[in-house]
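One structure below.
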Amino acid sequence: MLDRRDFLRASAGAAVLVALPGCGRDEERWQRSAFAKPATSRTAVLTVEGYGRGVDEAVRRGVELFDLPVRGRRVVLKPNFVEFDPDGVINTHPAVVAAAIETFRSLDADVVVAEGPGHRRDNEYLLTATGIGDVLRDTGTPFVDLNNDAVRRVPLRSSYTGMEALYLPETVMSADLFVSLPKMKTHHWAGVTLSMKNLFGIVPGSIYGWPKNLLHWAGIRESILDINAALPMRRFNIVDGIVGMEGNGPIQGEAVPSGVLVFGEDPVAVDATAARLMDVDPRKVSYLEEAGRFLGNLETERIVAIGEDPDRHRRDYRVVSRFTGIKANSRATAG
């Protein structure tokens, strides 16, 4: 556990970061030898018409396409339930969470669900309101509040924020397979929020504040890159795009029925694929463009589609006016 002295040291280091000049050109912020970007990455886009029984079959099929070695292993599922609005589509749907639990259990994995919401501190409320609590109870699945979990000091392998290390939850760091389960959404500060941005929820609020204030001050783009580069374990990603969010996301946008789930091991390739489904050019999303240089594959010629043809699922997601330029067609805004 992090004691008060370590907490103050971590907080002070992050606070100093805000006043320091930049670390130089982006290519100097990561060590090329520390990362092994794959030559190609596989992603799968599967049609799901709604949150009924078809979700179970689609999630099972999507996971099985990748032949993940999870038998007897610990799998940590990280959905997104940052806030609750009964009329909104903010969070990963409980049907997707339930399907992921059952799929990995059918492969003889030990499954845990974990999240550290950035807005509400009351996880009991969020679990109840979103319906995810019912899923956990009905499936007998343990839940870990990542905002208050035991932590481990993890040295950073990249230096976009200028920090030397992050304190990350032991539940995440001890996983054999970490699965990001984000909602497909636009984002008023990052452009889009998908599997990589979803990792803001693993950073403990008990150390970094609400809504993860120290990381916001360090820079959202920079924090996304450093957090994703820091994780050493095998990863998988399932994006809930059955009903996505456009406009003033990640909380106040409007629903977009996209009817898809997006799967893959490479979070950059998955997010690039999902962005294209939103009619967003991932090369124009700052953190995705940079992540494509060293963390994973961004270019279409390096992403192998093993599911359905992604192009048939494109939707024209609106974005807020400041992000009009990330659109593939540069036309649709939230006004």
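The values are calculated or read from the model by the stated rules, or taken from the named source; none is laboratory data. Being a predicted model, the structure only gives us computed values, none of them experimental. Cβ coordinates were reconstructed from backbone atoms using ideal geometry, including for glycine residues, and neighbour counts include every protein chain displayed. Quick note on the areas: whole protein, heavy atoms, side chains included, nothing else; ligands and nucleic acids left out. Shrake-Rupley method; radii C 1.70, N 1.55, O 1.52, S 1.80 Å.
In region 231-251, what residues are within 13 Å of F178 (Cα to Cα), of a type outside the set (S, T, N, Q), in a strand (DSSP E or B) and open to solvent by less than 30 Å² (accessible area, probe 1.4 Å)? Answer for region 231-251, where residues must be within 13 Å of F178 (Cα to Cα), of a type outside the set (S, T, N, Q), in a strand (DSSP E or B) and open to solvent by less than 30 Å² (accessible area, probe 1.4 Å): R235, F236, I238.
Scanning region 311-326 for residues that are open to solvent by less than 30 Å² (accessible area, probe 1.4 Å) and touching a strand residue (DSSP E or B) at 6+ places or on another chain (Cβ under 6 Å) returns H313, Y317, V319, I326. Answer with yes or no whether T161 is hydroxyl-bearing (S, T, Y), in contact with a strand residue (DSSP E or B) (Cβ under 8 Å, 6 or more places away or on another chain) and not in a strand (DSSP E or B). So T161 does not fit the description; no. So is G162 within 17 Å of the chain's Cα centre (by Cα) and of a type in the set (G, A, S) or not? Criteria not met by G162.
Among the residues of region 292-328, the one identified as within 20 Å of the chain's Cα centre (by Cα), farther than 30 Å from D67 by Cβ and in a strand (DSSP E or B) is V319. Is it the case that region 127-134 has a residue that's within 20 Å of the chain's Cα centre (by Cα) and in contact (Cβ under 8 Å) with a residue 60 or more places away in the chain? Taking every residue of region 127-134 in turn, none turns out to be within 20 Å of the chain's Cα centre (by Cα) and in contact (Cβ under 8 Å) with a residue 60 or more places away in the chain. Just to be sure, is T193 over 15 Å from the mean Cα position of the chain (by Cα) and β-branched (V, I, T)? Here the answer is no, as T193 does not meet what is asked. Screening the candidates A175, A100 for the property of being part of a loop (DSSP other than H, G, I, E, B), at pLDDT 95 or above, of a type in the set (A, V, I, L, M) and surrounded by 18 or more Cβ atoms within 10 Å (Cβ to Cβ) yields one hit, A175.
At pLDDT below 95, open to solvent by 10 Å² or more (accessible area, probe 1.4 Å) and of a type in the set (K, R) - does that describe any residue in region 131-152? No, region 131-152 has no match at all.
Taking region 194-230 as the search range and keeping residues that are outside any helix (DSSP H, G or I) and touching a residue at least 60 places away in the same chain (Cβ under 8 Å), which one is surrounded by the most Cβ atoms within 10 Å (Cβ to Cβ)? Looking at residues that are outside any helix (DSSP H, G or I) and touching a residue at least 60 places away in the same chain (Cβ under 8 Å), I get L194.
Count of region 43-67 residues, restricted to those that are of a type outside the set (D, E, K, R) and open to solvent by 20 Å² or more (accessible area, probe 1.4 Å), is 6. Here is the figure for region 136-156: residues that are more than 16 Å from D110 (Cα to Cα) and either of a type in the set (A, V, I, L, M, F, W, C) or assigned to a loop (DSSP other than H, G, I, E, B) (or both) total 8.
Which pairs do you get when a residue that is in contact (Cβ under 8 Å) with a residue 40 or more places away in the chain, found in region 161-180, comes within reach of a residue that is hydroxyl-bearing (S, T, Y) and open to solvent by 10 Å² or more (accessible area, probe 1.4 Å), reach meaning Cβ atoms under 8 angstrom, with the pair 6+ apart or on two chains? Here the result reads none, with nothing in region 161-180 linked to a residue that is hydroxyl-bearing (S, T, Y) and open to solvent by 10 Å² or more (accessible area, probe 1.4 Å).
The residue of region 68-97 that is farthest from G249 (Cα to Cα), among those that are assigned to a strand (DSSP E or B) and either open to solvent by less than 60 Å² (accessible area, probe 1.4 Å) or in contact with a Lys or Arg (Cβ under 7 Å, 6 or more places away or on another chain) (or both), is V75. For region 260-288, filtered to residues that are open to solvent by less than 10 Å² (accessible area, probe 1.4 Å) and in a loop (DSSP other than H, G, I, E, B), the residue that is farthest from P182 (Cα to Cα) is V285.
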